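Would you mind keeping the following structure in view while I ask a few things?
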Amino acid sequence: MEQHEVIKQIKKADRAIVEENFDTLIDIYTDDAILVIEPGRNAVGKDAIRKAFEAIAVYFKNGLQVSQRGIEVLESGNTALVLANTVISAPNMPEITRKATYVFNKDINGVWLCSIDNSYGHEIISKNV
């Protein structure tokens, strides 16, 4: 079975994060995308997301590693909900697995772009309880 295009985009994004290739990374997002930087703090739009990833790279000593260990894509029309076990590590952080939630939308050219990037998943609501 051929891999879903959304999964290919996520793998491309993971590679771009690890390589700190922010030009490639930003092309995977919609213009008005939301990145959850940490629970309670978001970056909105490509410029803010790029700046956030640049700061994240420095914070993690330019050694952030990101991969997926289990991914499910639920597609309806031009929208896809992605549930993933996102594995993150860095020189200053031990490996952790987050239950991530992503939303992708298919653009007019048929390309899947990330509109919501929430690697924290449901963890973002724990502060609001």
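Every read-out reported here was derived from the displayed coordinates using simple, explicitly stated rules and does not represent laboratory data. A quick note: this is a predicted structure, and the numbers were derived from the prediction, not measured. Cβ: placed from backbone, ideal geometry, glycine included. Neighbour counts: every protein chain shown.
In nanometres, what is the gap between the two model label sites at residue 5 and residue 68, each 7 Å from Cα along Cα-to-Cβ?
1.5 nm
In addition: Could you compute the FRET efficiency for residue 75 and residue 55, with r as their C-beta to C-beta distance and R0 at 35 Å, rounded to 0.05?
0.60
Sorted by average packing, counted as other Cβ atoms within 10 angstrom per residue and highest first, what order do 57-63, 23-29, 100-106, 4-10 take?
Averaged packing, sorted descending, gives the order 100-106, 4-10, 23-29, 57-63.
Go through segment 56-63 residue by residue and turn each phi into a ³J(HN,Hα) via Karplus (6.51, -1.76, 1.60, θ = phi - 60°); whole Hz please, and just put x for glycine and proline.
Computed from phi, the couplings for segment 56-63 are 4, 4, 5, 4, 8, 6, 6, x Hz.
Principal axis lengths of the chain from Cα atoms, whole Å, largest first?
That gives 40, 35, 30 Å along the principal axes, largest extent first.
Taking the alpha-carbon distance from residue 99 and a cut-off under 22 Å, which lysines remain once sequence neighbours fewer than 8 residues away in the same chain are dropped?
Hits, sequence-local ones excluded: 8, 11, 12, 127.
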